[in-house]
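This report concerns only the one structure given below.
Here, each number is a calculation from the coordinates, and none is a lab measurement. Fair warning: this is a prediction, and the values are worked out from it, not measured in the lab. Glycine gets a Cβ as well: all are built from the backbone with ideal geometry, and neighbour counts include every protein chain shown.
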Amino acid sequence: MKQLNDFLTDMADLEVHPEAVIWRAGSAVKVQEADGLVEIHIPFSAFSLQGNLKPVEAASPEIRVIKLSCPEDEILHLFTSHDPGSPMLSLHKDLLSDRLSVSEEKSCWRINDSKGRLRARFEKERETPAGWSDQITDCFDSLKADLYPSAGGAAVSFSTSDQFFPEKVESLPLAYITFNEDGQEKESALFSFQAEYDEHFAGTGERFAAQDLRGRTINLENTDAMGVNSRRAYKNVPFYLSSRGYGIFIHSSAHIRLSLADISTRAAQARIEDNELDLFIIGGDNPERILNNYKKLSGYPPQLPLWSYGTWMSRMTYFSADEINDICKRLRDEEYPCDLIHIDTGWFEKDWVCEWSFSRKNFPEPAAFMKALKDQGFRISLWQTPNIGEGNKLLKEAMDKRYLAPPKGEAVSSSSDFSGQDFGGQIDFTNPEAVNWYQSMIRDLLEKGASVIKTDFGENIQMNADYLNMPPDKLHNLYGLLYQKAAFEETQRSTDEGIIWARAGWAGCQRYPLHWGGDAAASWDGMAGSLRGGLHIGLSGFGYWSHDVPGFHGVPEFMNTPPEDDLYMRWTQFGVFSSHLRYHGTSAREPWHFPKIASSIRKWLRLRYYLIPYFVEQAKSVSESGYPFLRAMILHHPEDSVCWNIDDQFFCGNDFLVCPVMNSRNERKVYLPEGEWVDFWTGEVIKGPRWLDLKNIPLEQMPLYVRKAAEIPIYPEAVLSTDEMDMEKIETLSMDSDFPGWLKLPAASALGWT
């Protein structure tokens, strides 16, 4: 559909469904208390496309009841229907709901909490002023309401008068659209909140776009993004936050179109392909508190095993136990610290055909193989997919027992599963028996010695299949959550350590870490797109996030163009300060394939292990607060408007300000926000806010700053895996006036830097 820059086409889809009826909300006619909630009775009047938006004279208004509750001090819940058992939700045990009360005044209803604080205000219909010209229609009654998720804070106001003239609207505060599609009557919900001229927005999932989402219209519809440089997204999250100190969680798995001051620059508005409305309006005044409140609803990520913070080594793909043993021997012989080997698509009888069993020829004794590696400090991660198709020995059983949803028509592939296995279908995770079957297969792998299951794909499903307990249009975005939940919970049961390596995402997936950024190009723009994705997903409630170092696929040859040395080095530096560090791609990724820089890579991996105690410390806040591990600048400096537009540097935890170099020119501009910052390399203290224009940055170094007076826990000895660490030996590196710079520390010499 061509974008026509008009609400009626670009949001209401009246170009596609010109016969649709828009039921727009008028002023509340009754507001009453009901068991601690408040019920708001709202008339919805019918309008249709008659040149512009005009009333349907034959249709009487419909009264719909919308409920308002206060599940937590800084959260309001506005809904027509709500599923408390939704897999998107994981309510914090300490949530304290509050009773709301109603007082009626001449012009409005005021809704207060138990402390007498104003939490919402719904206006009554006002008398329409007499018109002076019959050329323009009189104003139509429209819902007028203010919500106060933070008592005493700024109002979150419905967008009430967003129009050129009454028949030419740019958004509607609340509305429903009824239309016919494929012979079925359907309904979508619309809402909009007022956007200020200088308001910034963030969140919505793993966007590969600029930091500030103002002026963007986004389809929250998961898909195989096939890279990190398009509008497509592996991970969409129906949540956004605003610089005005509030966030909105759209509690729905339906497809959603979200326009943040774009279709109308005066409105943050959405269309939900659902006949029910379920919104959490979240306060908190700053991004971290808003995210923390969001996580009180959708869940916190758990802490991850110590070994997960070590180096993960992979490529697409290792094909045999002998090949992997050779790789591991060389990693140890050449003293590259490493904790995990990932085996991608090549461990089955046929490459890419996932049957959850090892090739008998290439991995004759998988349990003994994995035990021997674990004795050397290497864990094993195994790739797999939920797709089962022709040529897979499990297809008949899966179809006969309904572990795959029966197809209703021809299957279609729209992903990068090169096996074609998704032509058969996906495991139906709405079927408890299918979940048990799937978990039994990965349980066998975990009991043999695997430590991690890579839950690849999950963004796309067959939309013309009959899933047992959910229609496809509701399951599509939710599928990754159900898939990852099954794998994570079985891993936790079988190994006592909960961890997966996942790509898809939706609200709630943050409870099942960890996630990586998908199939980035091994290029500078792939590196920049990856970082943008990491910043956005961290502003969407996810705590841990990683990426393929140094990019997944070659350019221009997908499989056969290797990354350049400087890209490999710069992406390694970025990876060292990400929550997790995994090398992976379509060609060889081991450091010795880059001999000119191999010794420098070894230094950076040793620095990673030196800082693992710091990473573990920072992970605690990831599990207890709104902070992610990799943090956008606005999380620590929300009042600094510059930080809303920075997407090429980040905070690693609380104290490190990381500024990757993403070009072959070895230059970049760095923004130091308010405070005092210690140059990690020289010890120089620089006061912010200020810009630095850095030239001729040594390839072996990356601009790196530490908050002055920070106390950094470190591991003082060189190790080859975390199994060699004795956590009683942890020391503290003080970033005070005596810090001389990294290169002058004894540790730098001990780790081979000098």
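Stretching the chain fully between V29 and N436 yields a gain of 141.5 nm (0.36 nm per residue, less the alpha carbon separation). Among residues other than N469 with Cβ under 13 Å from its Cβ, the summed charge is -2 (Lys and Arg +1, Asp and Glu -1). Note on W352, W506: ascending count of other Cβ atoms within 10 Å places them as W352, W506, the fewest first. Q492 sits among other residues whose Cβ lies under 13 Å from its own Cβ, and their net charge, with Lys and Arg +1 and Asp and Glu -1, is 0. One entry in [x] 39; [y] 46; [z] 35 is percent of Cα pairs over 39 Å apart calculated from the shown coordinates; its label is [x]. Here the simple spin-label model places points 7 Å from the Cα toward Cβ, and for V21 and H593 these points are separated by 6.2 nm.
The simple Förster model, with R0 at 30 Å and r as the Cβ-Cβ distance, assigns E349 and N464 a FRET efficiency of 0.50. If I fit a long axis through the Cα atoms of helix 598-610 and take the longest principal axis of the Cα atoms of the chain, what angle between them do I get, 0 to 90°, rounded to 10? Roughly 60 degrees, rounded to the nearest 10. The label point for E397 and the one for E676, both projected 7 Å from the Cα toward the Cβ, are 6.6 nm apart.
Rounded, prolate or oblate: which fits region 442-497, taking a ≥ b ≥ c as square roots of the Cα gyration tensor eigenvalues, rounded meaning a/c under 1.5, else prolate when a/b beats b/c? It comes out prolate by the Cα gyration axes. Taking a Cβ cut-off of under 13 Å around G554, the surrounding Lys, Arg, Asp and Glu residues balance to a net charge of -2, with basic ones at +1 and acidic ones at -1. Between I730 and N219, the simple label model (points 7 Å from Cα in the Cβ direction) yields a spacing of 4.7 nm.
With contributions of -39500 (n - 2.57) from each DSSP H run of at least four residues, the per-residue ellipticity at 222 nm computed over the chain stands at -6000 deg cm²/dmol.
So what's the gap between the Cα centers of region 1-71 and region 559-593, to the nearest angstrom? Between the Cα centre of region 1-71 and that of region 559-593, the gap is 51 Å.
For M11, M735, the sequence from fewest to most other C-beta atoms within 10 Å is M735, M11.
Order these by the 10 Å Cβ neighbour count, fewest first: S230, S314.
So the residues, fewest neighbours to most, are S230, S314.
For K329, the lysines whose Cα comes closer than 25 Å to its Cα, not counting residues fewer than 8 places off in the same chain, are K361, K371, K374, K448, K454, K596, K603. Run the Debye formula on the Cα coordinates of region 630-750, all scatterers equal and no solvent, and tell me log10 I(q)/I(0) at q = 0.17, 0.18 1/Å. Once normalised to I(0) and log-transformed, intensities are -0.95, -1.04. Full extension of the chain segment joining F418 with F319 gains 34.0 nm, where the gain is 0.36 nm per residue of separation less the Cα-Cα distance.
Note on N52/E667: beta-carbon distance plugged into 1/(1 + (r/R0)^6) with R0 of 45 Å gives a FRET efficiency of 0.25. For V555 and E167, a Förster radius of 56 Å and the Cβ-Cβ distance give a FRET efficiency of 0.65, rounded to the nearest 0.05. Net length available on complete extension from A718 to S97 is 218.5 nm, with 0.36 nm assigned per residue and the Cα-Cα distance removed.
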